[in-house]
Amino acid sequence: MNDLRFFRLKQKFEGSTLGDAAAATRDALAGLPVAKFIRPGMTVAVGAGSRGIANYAAIVRTVCEELKTLGARPFIVPAMGSHGGATDRGQLDVLAHYGITEKQMGVPILSSMEPVELGRAGGLVVYQDRHAAGADAIVVVNRIKPHTDFHGPIESGLMKMAAIGLGKQKGAQQFHLAMMRMGGGAALLEVARTVLRLGKISFGVGIIENQ
C-alpha cells in the first residue's frame with residue numbers, strides 16, 4: 001500500500017482592482033469612436049447577462065449614461081439565452097438580483113422570450129431578441145473568459161452574448177445541439193459571423209476579472 005501524505009497549501013492571487021469601475025468604463029468608451037456609430041435619436045439595446053460579475057450594475061449603468069450623453073435612447077434587454085427559467089419575468093428577476101433594475105439604471109428594461117429570425121448560418125437558424133432586433137443599434141456588455149465546456153478561437157464573452165445570449169431560449173437550444181454535432185468553437189463562430197453580418201451590433205464592452 002502506498003504511503004500517502006497530505007499537506008495544507010495556501011495559494012495567494014494578486015488582488016488588484018480598478019477602484020472606480022464607472023470611471024474605468026467611461027475611459028474605455030472614450031477610447032472608442034462611439035459617436036461614429038451612435039447618433040442622436042437612435043434607440044440602442046444594451047445587452048446584460050446572467051453572470052455574477054463584479055461591479056456589473058455600475059458598468060451597465062455607465063454605458064447607458066454615456067449613450068444618453070450622445071443623445072441616444074438606450075434600453076436594456078436580458079441577453080442570457082434560457083436562463084431565468086426561460087421566462088420574461090424570470091430574466092428580469094435575474095438582472096434585479098445583480099442590481100440591474102429600471103430604477104437603478106435610469107432606462108427601460110424590455111424582456112421578451114419571443115425572438116425573431118435574424119437569418120441562417122449553415123443549417124442553423126439565427127435568432128435574436130425582438131426588442132434588440134428592432135433597435136437602431138445594439139451594445140453588448142459581458143465578461144470575457146475561457147468557456148468551461150469547449151475551447152476555440154472565441155469562447156465565453158462578447159460574441160457568445162451576441163450569438164447565444166441574445167438568441168434567447170430558441171437560440172441557446174440550437175447552439176447546444178450544434179455543439180454536439182460540430183463542436184462548441186465551430187458552432188459559436190458560425191452563429192457569431194451571421195449575427196455580425198446581419199445584426200446591428202455597434203460595439204461591445206468587455207470585462208476581464210482576475211482571480
Test result for ARG51, of a type in the set (D, E, K, R) and either in contact with a Lys or Arg (Cβ under 8 Å, 6 or more places away or on another chain) or in contact (Cβ under 8 Å) with a residue 60 or more places away in the chain (or both): yes
Of all residues making up the range 1-49, the number that are touching an Asp or Glu at 6+ places or on another chain (Cβ under 7 Å) and open to solvent by 80 Å² or more (accessible area, probe 1.4 Å): 1
Residue pairs meeting the criteria (Cβ under 8 Å; at least 6 apart or on separate chains; first closer than 17 Å to GLY41 by Cβ, in the range 126-148; second outside any strand (DSSP E or B) and of a type in the set (Phe, Trp, Tyr)): ALA137/PHE37
Entirely in the range 50-158, the helices (runs of 4 or more DSSP H) that have 2 or more residues that are aromatic (Phe, Trp, Tyr) and surrounded by 19 or more Cβ atoms within 10 Å (Cβ to Cβ): none
Lone unmet requirement of (1) assigned to a loop (DSSP other than H, G, I, E, B); (2) out of contact with any Leu (no Cβ under 7 Å at 6 or more places or on another chain); (3) surrounded by 15 or more Cβ atoms within 10 Å (Cβ to Cβ) for GLN211: (3)
Residue in the range 174-197 that is among the polar types (S, T, N, Q), more than 15 Å from the chain's Cα centre (by Cα), more than 20 Å from GLY90 (Cα to Cα) and surrounded by fewer than 19 Cβ atoms within 10 Å (Cβ to Cβ) present: no
Filter result for LEU158 (among the aliphatic types (A, V, I, L, M), under 30 Å from GLY71 (Cβ atoms), within 13 Å of the chain's Cα centre (by Cα) and at pLDDT 80 or above): yes
Scope the range 156-172; condition closer than 14 Å to VAL141 by Cβ and among the hydrophobic types (A, V, I, L, M, F, W, C); matching residues: LEU158, MET159, MET161, ALA162, LEU166
Scan of the range 1-15 for residues that are under 30 Å from ALA58 (Cα atoms) and at pLDDT below 80, ordered by number: GLY15
Any hit, the range 173-186, residues being within 14 Å of MET80 (Cβ to Cβ), modelled with pLDDT of 80 or more, part of a helix (DSSP H, G or I) and out of contact with any helix residue (DSSP H, G or I) (no Cβ under 6 Å at 6 or more places or on another chain): yes
Candidate set from the range 159-173 (those that are charged (D, E, K, R) and without any contact (Cβ under 8 Å) to a residue 60 or more places away in the chain); member that is least open to solvent (accessible area, probe 1.4 Å): LYS160
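The values are calculated or read from the model by the stated rules, or taken from the named source; none is laboratory data. Keep in mind the model is a prediction, meaning the values are calculated, not measured. Note that each Cβ is placed from the backbone with ideal geometry, even for glycine, and that neighbours are counted across all protein chains shown. The protein model used for the area step is the full one, side chains on, heavy atoms only, and it has no ligands, DNA or RNA in it. Shrake-Rupley method; radii C 1.70, N 1.55, O 1.52, S 1.80 Å.
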